[in-house]
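I'd like to ask you about the structure that follows.
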Amino acid sequence: MKIRYFLTLSLLAFVVVACQEKYTPASYNEGINITPKPLEVKENEGSFFVNEETTFVTGDDERIQQVADFFASKLKKSTGIALQSQSEIKENNFILLTLDSNLSLNEEGYTLNSTNKGVSIKATSPKGIFYGLNTLMQLLPAEAESQSLVNNINWSIPAVEIKDEPRFSWRGFHLDVCRHFISLEEVKKHIDMLSIFKINKFHWHLTEDQGWRIEIKKYPQLTTVGSTRVEADGSTHAGFYTQEEIKEVVAYAAERYIDVIPEIEMPGHALAALSAYPELSCNEGPFTPRIIWGVETDVFCAGKDEVFTFLEDVIEEIIPLFPYEYYHMGGDESPKDRWKTCARCQNRMKKEGLHDEHELQSYFMTRMEKVLKKHDKKMIGWDEILEGGISSSANVMSWRGEEGGIAAANAGNDVIMAPGAWMYLDKYEGDYKIDPVTIGGLLPIKKVYNYEPIPADIDSSKAHHVLGAQTTLWSEYIYQEELSEYRMYPRAIALAELTWTAKDKKDYKDFERRLNNQMVRLDGHDMDYYIPMPEGPTSQIAFIDSAILEFKTPRPVDRMVYTTDGREPNLDSRVYQEPLVFRSDATLKIASVLPQGKMSRIRTISIEKQELSAAVETKALKQGLVTKTAYGKFLNTSDLEGVMEWQEKPLDSLAQANTTLYWGFVIDENQFRAEVIEGYINIPEDGVYFFSSNQDQVWIDDALVINNDGYVKRFSQNDGSKALAKGLHKLKVIYLNNVYRGWASDWNTIEVQIRKSTHEDFQPITADMTFTNGTAALLTSN
Ligand code: ACM
Ligand code: ZN
C-alpha cells in the first residue's frame, strides 16, 4: 500500500515537473505586454508564481485593503486562487502594497518590483497602488482577465523593476447614450475596460435631440416624453437611467478610480427636452424627439428666464449624483435661427448689450458656468463655447479640430483635446464596403495612436493647460449596443497609450505586438471588438473567363482562412496564401484569425461566371431618362407593389430626380416618395462592370445588380457586377425619399457609379451615358 502510494506520488510529482518544464506560454503572452506602456521597465532574471499561499500585504490602510480586495476578486475568477490579505511583512510569496509619500512620482504613479520572492508596489496614493496592481495584472498571462476559471496556465509574473506615471491627467472616453440608448450593464462593461487600460475619465453624454436619458424628478416629462422617439418605421426607441442607476454607475466607476463627467447639452441638441417642455423653446412647439441624425434648429430660448430656472433645477438635482468637479454643459452645434427671430432673445441681447447671437450664446454658457460655480463645480464645453468669448475658468473640449484647443490653451484656459480627425471613434476602422455602417471617414488605430495632444502651435509655457485627450463615441450608428464595443476597441487602447505613455516611449510596432495580448484580455470580458477582416473584393463578383481575388487585412492578423464549398470556415480551414483564381461559380467564405485563434466576422462572396449580356436594339433615342413618381411613405421597394398612381416626367440626369436636398433640420414629409428612374446606359466596350450606389435598387437589363433594401442608405456595401456587351443596356434606379434608421435619404444626391473590372476607380454615370426613348413604359415591373 505504502509503496503504491509513494509511487503514485512520485509519478504525480514527475508529471507536474514535466508539465512545468514543457510549459510554453502562448505567443501573445511572450515578453512584456503592459499597455499603456510604462515610463521605465527593467527586466530581470526569474519569475514570481502566484499560488494559494500568495498574500497581499496591505498594512492597515482601509483604502489599500479595498484596492487589494478588488484585485483579489478579479483574480479569483480567472485563477481560482483566493488571495488573502495580511498586515505584516512576509519573507516570501507576497504582494506588498505600500504608500510612500517620498516617491518622486505624481498621484497616479507607482513603482513595481517583482522578484522570485514576491512583488512590491509603492505609490503616493491609493490610486497609484490601483494602477500598480493594474500593471501586475498585465504582467500575468492575458487570461488573468477571464471572467471564468482558466486551467493549465502558469500564473507567473516576470521579474521586473517598473517606475511609471501618466503623461496626462485626463485620459478620457466619451459615450453618447442618447442617439441609441446603452444599457446600464453595457455601460459597466465599458467602465471595466477603461479601468484595465488606466483610462480615468468617463464623459457620459446624457441629453440630446433624439433622447433625454437621465431621470430628473422635478421634471418627470423629460423621461416620460423625452426618452422615447417613434422612428420613421413606426418602431420606438427608448431608455433612460433612474437616479439610483446613475449612482450605481458612478460608484462602480469610483471603485475603479474613474471620474464620471455628466453632459447636459445646451443651448442646442435639446429637442428631447423641448418635446417634454415646449415652453422652453422660442416658438413653443409642439415637438417630438428628433428621428433623423444631424443638427436641430429648435434650441433652448435664451430670452426666457424659465429656461435658466429649468437648467439650474436640473443641475441642482444632479449635483448629488456626480461628485467629480467637472460638469460638461455641451455648447456645440446650436443654430441661431430661432434666436434671430425671437423677440425675447432679441430683448435679452439689447438688455445685456450683446452684439450678436454668438455673444448671446456666450451669455448663456457663462450664466450656466456661474450656476456650476455656486456648487463648486467647473464647466467644460465643446469648442463652440469660444464663440462670443468665455470666462477664464471654462475648460474647452476641442472637437472640430485642434484650433479651438490651441486658442483656448494659449489664452490660459484648460483644454481637453478630442479632435474628430483622430479621436472620433464613430468613424470606420476598416473598409467602408465591409464594416458596419458609420457616420463616415476612416480612422485606423495607427492614426489614433499617433495623435499628439499638444499641438506645436501651443506656446510651450501654456502646454500644461492641455489636461489630456479623449476619444468620443457618438451613437447614431450604434444600432445594437455591441457595436459600441466594436467601434471602441481596440482603438481606445491607443487612446490609453497616447495619454499615459511618455511621448518618447511610444512605439507603434511594439504597441501592435502588445495588442495581440490585450485582445485576449478583451476576450476575457466577452468584448465584441473590431477584428480586421479580409478586404479587397466586394460581395458579388461577375467574371467571363476567370476571377482573381486578392485579399489583405488593414492590420496584421495571424492568417486568413476560407472555404469555397459553402461551409462556414473554421480554424482548420484552408489558409489564404495567394490570390484565389476562380473559373466557375463559387461561394467564397473568408475570415481573419487572430493569434489566440479568434475569428473575425465571416465574409461571403458570390462569384458568378456570366455570358456578356447582349446590348439592346432600340430606336429613336435621345439623351436623358424618364422617372415615374409615386408620393407616399415607402421604406422598402416591396412597398411599391400595388401602387397604382405614378406620374411620369423626363429627366436630364439621374441627379435631377431629387433636387430637394435640404433637410438639415426638419423633415419635409411632403417629399416622401418613390422615384423609379428608367432608361438606357451606354456601355463603351465589352467587359465586366461593377456598380455602386446608395440608392435603394439598381437594375441592369432586368437583373437586380444592387439591392440596398433593409440597409441604411449611407455607404452601400452592396456593390454589384455584370458582364455587359458594348452598346445600350436597360437601366432602372429606384430611389425612395424617406427616413430610415435616422438617415434621411434626401441627404443623398441620386447617383450610380460604374467601373470596368480592369479599372481601379469608380466614375459616376453621367448624363451623356444615359438615354431614353421618351417613355418609361418599356420597364414596368419594379
Ligand atoms: C460634437 O461632435 N458635436 C461635439
Ligand atoms: Zn428665444
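Is the stretch 316-332 home to any residue that is touching a residue at least 24 places away in the same chain (Cβ under 8 Å), surrounded by fewer than 21 Cβ atoms within 10 Å (Cβ to Cβ) and within 16 Å of ligand 1 (Cβ to nearest atom)?
yes
Something else: Go through Val557, Val581 for me and flag whichever is among the aliphatic types (A, V, I, L, M), without any contact (Cβ under 8 Å) to a residue 40 or more places away in the chain and out of contact with any His (no Cβ under 7 Å at 6 or more places or on another chain).
Val581
Anything in the stretch 183-225 that is closer than 30 Å to Lys37 by Cα, among the charged types (D, E, K, R) and touching an Asp or Glu at 6+ places or on another chain (Cβ under 7 Å)? List them, or say none.
Residues satisfying the conditions are Glu186, Lys201.
For the stretch 356-397, how many residues are modelled with pLDDT under 95 and either in a helix (DSSP H, G or I) or in contact with a His (Cβ under 6 Å, 6 or more places away or on another chain) (or both)?
The number of residues fulfilling the criteria is 2.
Do you know which residues across the stretch 43-65 are outside any strand (DSSP E or B) and surrounded by 15 or more Cβ atoms within 10 Å (Cβ to Cβ)?
Val50, Thr54, Thr58, Gly59, Asp61, Ile64, Gln65
Can you tell which of Met397, Met365, Met379 is within 16 Å of ligand 2 (Cβ to nearest atom) and under 32 Å from the mean Cα position of the chain (by Cα)?
Matching residue, one of Met397, Met365, Met379: Met365.
Let me ask something else. Has the stretch 425-435 got any residue that is basic (Lys, Arg), more than 26 Å from Asp510 (Cβ to Cβ) and part of a loop (DSSP other than H, G, I, E, B)?
Taking every residue of the stretch 425-435 in turn, at least one turns out to be basic (Lys, Arg), more than 26 Å from Asp510 (Cβ to Cβ) and part of a loop (DSSP other than H, G, I, E, B).
The rows are residues; the columns are (1) without any contact (Cβ under 8 Å) to a residue 24 or more places away in the chain; (2) touching a Gly at 6+ places or on another chain (Cβ under 6 Å); (3) in a strand (DSSP E or B).
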| site | (1), (2), (3) |
| --- | --- |
| Phe173 | no, no, yes |
| Phe181 | no, yes, no |
| Met193 | no, no, no |
| Trp204 | no, no, yes |
| Gln210 | no, no, no |
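So how many residues does the stretch 344-355 have that are within 14 Å of ligand 2 (Cβ to nearest atom) and either under 34 Å from the mean Cα position of the chain (by Cα) or not in a helix (DSSP H, G or I) (or both)?
Within the stretch 344-355, residues that are within 14 Å of ligand 2 (Cβ to nearest atom) and either under 34 Å from the mean Cα position of the chain (by Cα) or not in a helix (DSSP H, G or I) (or both) number 1.
Right, another one. Scan the stretch 300-331 residue by residue and report those that are more than 21 Å from Glu244 (Cα to Cα), within 16 Å of ligand 2 (Cβ to nearest atom) and of a type outside the set (Val, Ile, Thr).
Phe300, Cys301, Ala302, Gly303, Lys304, Asp305, Glu306, Phe308, Phe310
Hey, which of the strands (runs of 3 or more DSSP E) in the stretch 652-734, taking only ones fully inside, have at least 2 residues that are out of contact with any strand residue (DSSP E or B) (no Cβ under 6 Å at 6 or more places or on another chain) and crowded, with 21+ Cβ neighbours inside 10 Å?
Answer list for the stretch 652-734: none.
In the stretch 593-622, which residues are at pLDDT 95 or above and assigned to a strand (DSSP E or B)?
The answer is Val593, Met599, Arg603, Thr604, Ile605, Ser606, Ile607, Glu608, Lys609, Ser613.
Here is a further query. Which pairs do you get when a residue that is within 30 Å of Ser195 (Cα to Cα), found in the stretch 256-283, comes within reach of a residue that is more than 16 Å from ligand 1 (Cβ to nearest atom) and assigned to a loop (DSSP other than H, G, I, E, B), reach meaning Cβ atoms under 7 angstrom, with the pair 6+ apart or on two chains?
Tyr257/Asn200; Ile258/Asn200; Asp259/Asn200; Asp259/Tyr324; Val260/Phe322; Val260/Tyr324; Ile261/Tyr324; Pro262/Phe322
Now for a different question. How many residues are of a type in the set (Val, Ile, Thr) and touching a Lys or Arg at 6+ places or on another chain (Cβ under 7 Å) if we restrict to the stretch 399-433?
0
Moving on to the next point. Working only within the stretch 355-392, note down all residues that are touching a Phe, Trp or Tyr at 6+ places or on another chain (Cβ under 9 Å) and among the β-branched types (Val, Ile, Thr).
Listed by number, the residues that qualify are Val371, Ile380.
Quick check on my filter: what residues within the stretch 396-418 are surrounded by fewer than 21 Cβ atoms within 10 Å (Cβ to Cβ) and either without any contact (Cβ under 8 Å) to a residue 40 or more places away in the chain or on the phi > 0 side of the Ramachandran plot (or both)?
Arg400, Gly401, Glu403, Ala407, Ala411, Gly412
Right, another one. Which of the following residues is hydrophobic (A, V, I, L, M, F, W, C), surrounded by fewer than 17 Cβ atoms within 10 Å (Cβ to Cβ), within 33 Å of the chain's Cα centre (by Cα) and within 16 Å of ligand 1 (Cβ to nearest atom): Val299, Val295?
Val295
Looking at (1) among the polar types (S, T, N, Q); (2) over 18 Å from Leu206 (Cα atoms); (3) within 15 Å of ligand 2 (Cβ to nearest atom), find the lone condition where Ser334 falls short.
(2)
Residues of the stretch 737-767 being assigned to a loop (DSSP other than H, G, I, E, B), free of Cβ contacts under 8 Å to residues at least 40 places away in the same chain and within 19 Å of Gly679 (Cβ to Cβ), which ones?
Hits for the stretch 737-767: nothing passes.
Write out, first by first residue and then by second, each pair whose Cβ atoms fall under 8 Å of each other, whose residues are 6+ apart or on separate chains, and whose first residue, in the stretch 496-510, is in a helix (DSSP H, G or I) while the second is surrounded by fewer than 16 Cβ atoms within 10 Å (Cβ to Cβ).
Note: pairs meeting the criteria are Leu498/Asn450; Leu498/Glu452; Lys503/Glu452; Tyr508/Lys446; Tyr508/Asn450.
I've got another one for you. I'm trying to understand the selection: among the residues of the stretch 337-373, which are over 12 Å from Ile385 (Cα atoms) and within 16 Å of ligand 1 (Cβ to nearest atom)?
Within the stretch 337-373, no residue meets the criteria.
For the stretch 690-721, what are the residues that are more than 18 Å from Asp761 (Cβ to Cβ), modelled with pLDDT of 95 or more, among the charged types (D, E, K, R) and out of contact with any helix residue (DSSP H, G or I) (no Cβ under 7 Å at 6 or more places or on another chain)?
Asp701, Asp702
Here is a follow-up. For the stretch 234-283, which positions are closer than 19 Å to Thr341 by Cα and small (Gly, Ala, Ser)?
Gly268, Ala270, Ser281
Then there's this: So is Arg338 part of a loop (DSSP other than H, G, I, E, B) and under 23 Å from Thr297 (Cα atoms) or not?
No.
Matching residues to (1) more than 30 Å from Ile292 (Cα to Cα); (2) within 14 Å of the chain's Cα centre (by Cα):
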position: Glu402; (1), (2): no, no
position: Asn413; (1), (2): yes, no
position: Ala421; (1), (2): no, yes
position: Lys446; (1), (2): yes, no
position: Ser461; (1), (2): yes, no
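Tell me, yes or no, whether the stretch 277-294 has at least one residue that is assigned to a helix (DSSP H, G or I), farther than 17 Å from Glu208 by Cβ and hydrophobic (A, V, I, L, M, F, W, C).
no
The values are calculated or read from the model by the stated rules, or taken from the named source; none is laboratory data. This is a predicted model, so every value here is computed, not measured. Quick reminder, even Gly has a Cβ in these numbers, built from the backbone with ideal geometry, and neighbours come from all protein chains shown.
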